[in-house]
1. Please enumerate the residues belonging to the range 307-337 that are in contact with a helix residue (DSSP H, G or I) (Cβ under 7 Å, 6 or more places away or on another chain) and either surrounded by fewer than 19 Cβ atoms within 10 Å (Cβ to Cβ) or farther than 23 Å from residue 158 by Cβ (or both).
2. Which one of these does residue 300 not meet: (1) more than 24 Å from residue 90 (Cα to Cα); (2) surrounded by 12 or more Cβ atoms within 10 Å (Cβ to Cβ)?
3. Where residues in the range 235-251 are surrounded by 15 or more Cβ atoms within 10 Å (Cβ to Cβ) and within 10 Å of the ligand (Cβ to nearest atom), which of them is nearest to residue 266 (Cα to Cα)?
4. Report the residue count in the range 222-234 for those that are surrounded by fewer than 16 Cβ atoms within 10 Å (Cβ to Cβ) and part of a loop (DSSP other than H, G, I, E, B).
5. Kindly state which helices (runs of 4 or more DSSP H) lie completely within the range 249-363 and contain at least 3 residues that are farther than 30 Å from residue 30 by Cβ and at pLDDT 85 or above.
6. Looking at (1) in the same structural domain as residue 29 (by TED's automatic domain parsing); (2) in a loop (DSSP other than H, G, I, E, B); (3) within 14 Å of the ligand (Cβ to nearest atom), find the lone condition where residue 219 falls short.
7. Taking the range 1-55, which residues are within 13 Å of the ligand (Cβ to nearest atom), within 27 Å of residue 236 (Cβ to Cβ) and part of a loop (DSSP other than H, G, I, E, B)?
8. With the requirement that a residue be farther than 16 Å from residue 210 by Cα, under 19 Å from the mean Cα position of the chain (by Cα) and either assigned to a loop (DSSP other than H, G, I, E, B) or within 16 Å of the ligand (Cβ to nearest atom) (or both), what does the range 56-88 give you?
Ligand SMILES: Cc1cc2nc3c(=O)[nH]c(=O)nc-3n(C[C@H](O)[C@H](O)[C@H](O)COP(=O)(O)OP(=O)(O)OC[C@H]3O[C@@H](n4cnc5c(N)ncnc54)[C@H](O)[C@@H]3O)c2cc1C
């Protein structure tokens with residue numbers, strides 16, 4: 001049996017980045033035939049599909065220098081163009097800063113909701129975010145904005161009642177000022193707002209390139225090696241192919257529940273059983289015809305529409321199709337781990353076709 005000081009499980013971005021920064025020669029074991037984990041691009045006859053749309057929002061100078069200079073990844077910078085389909089019309093994102101685009105009825109309900117707010121409470125972010133997400137949405141924006149957009153949209157992404165969610169996940173989401181919300185209710189604006197108002201994307205082969213440039217710098221990646229058992233007493237990892245390795249330190253980047261279930265730690269297994277998670281399913285459709293010009297993605301808060309977001313990757317990744325076909329990437333959030341993928345695919349295709357009328361796309365060529 002081979003023995004190592006440090007062993008890494010998983011060659012997604014976390015495992016790759018750990019090995020890159022810690023020691024480029026340590027073994028990294030990956031169950032798939034490719035590195036990248038969630039950050040992967042599948043190439044099917046020249047059509048390039050991301051597992052889920054992945055865009056880079058780079059804030060830290062260290063990370064920018066790492067990606068552009070040290071790893072030498074070529075990327076394009078884009079100014080986000082995101083829109084929302086609601087109130088039977090399309091308005092720019094974010095909702096609260098573009099009330100002017102709504103019908104008078106919905107706009108007035110949203111503005112009326114702002115009058116319900118406790119000013120003091122709103123100015124204190126810590127208090128605002130101390131309860132559930134539902135409390136936050138109502139306290140920060142009132143019933144109009146909360147009920148027309150924030151709550152139904154959040155419910156769809158996480159497939160969870162917002163009253164059961166806390167606010168820690170919101171760390172990137174800023175809370176718009178009341179004056180700005182009211183001002184923008186009367187006029188179109190070009191305000192740049194939010195953590196993702198600009199983003200980068202690898203222009204040649206898709207987001208997979210990010211994982212690939214890391215992997216090129218590492219010398220000990222083992223693909224198609226799936227760990228299935230961890231003996232924490234003797235510090236041994238066993239793999240599906242019969243291999244075993246001994247470690248002093250084990251770095252796992254696997255989903256937490258999977259990791260714990262591989263070990264001999266019975267008490268932890270009980271606790272892991274209580275972990276909750278939401279899965280995102282992405283259905284990619286290749287279509288001919290038009291998608292909304294220049295739009296990167298569109299949000300769908302309405303509860304009667306199956307999906308919460310559609311992305312148009314051709315508008316930020318020109319090489320994603322060989323000719324002038326378009327890809328429509330449709331995302332659905334679900335807590336149901338036994339979800340019938342084929343059924344959800346059919347439902348999504350049906351409701352996308354209905355909505356596709358929006359932008360007059362004519363033919364769906366194929367979908368995966
Ligand atoms: C729908 C969605 C959209 C996202 N969009 C963005 C975005 O736009 N921008 C952004 O910055 N982040 C985004 N993220 C977050 C980003 O995907 C993650 O932060 C990141 O990919 C996590 O990388 P990881 O290496 O920790 O995990 P993973 O990518 O899950 O990697 C874990 C690796 O472990 C491997 N593995 C699993 N089990 C075993 C086993 N038994 N043995 C060996 N290997 C195993 C897996 O195959 C995988 O390669 C998004 C996430 C989701 C779900």
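The values are calculated or read from the model by the stated rules, or taken from the named source; none is laboratory data. Keep in mind that this is a model prediction, so the values were computed, not measured. Using ideal geometry, Cβ is built from the backbone for each residue, glycine included, and neighbour counts are taken over all protein chains shown.
1. 313, 314, 320, 321, 326, 327, 333
2. (1)
3. 237
4. 6
5. Values: elements: 256-262, 266-272, 341-356.
Where helices (runs of 4 or more DSSP H) fall fully within the range 249-363, none carries at least 3 residues being farther than 30 Å from residue 30 by Cβ and at pLDDT 85 or above.
6. Only one criterion in (1) in the same structural domain as residue 29 (by TED's automatic domain parsing); (2) in a loop (DSSP other than H, G, I, E, B); (3) within 14 Å of the ligand (Cβ to nearest atom) is unmet by residue 219, namely (3).
7. Hits for the range 1-55 are 10, 11, 27, 30, 31, 32, 33, 34, 35, 37.
8. 59, 78, 79, 80, 81, 82
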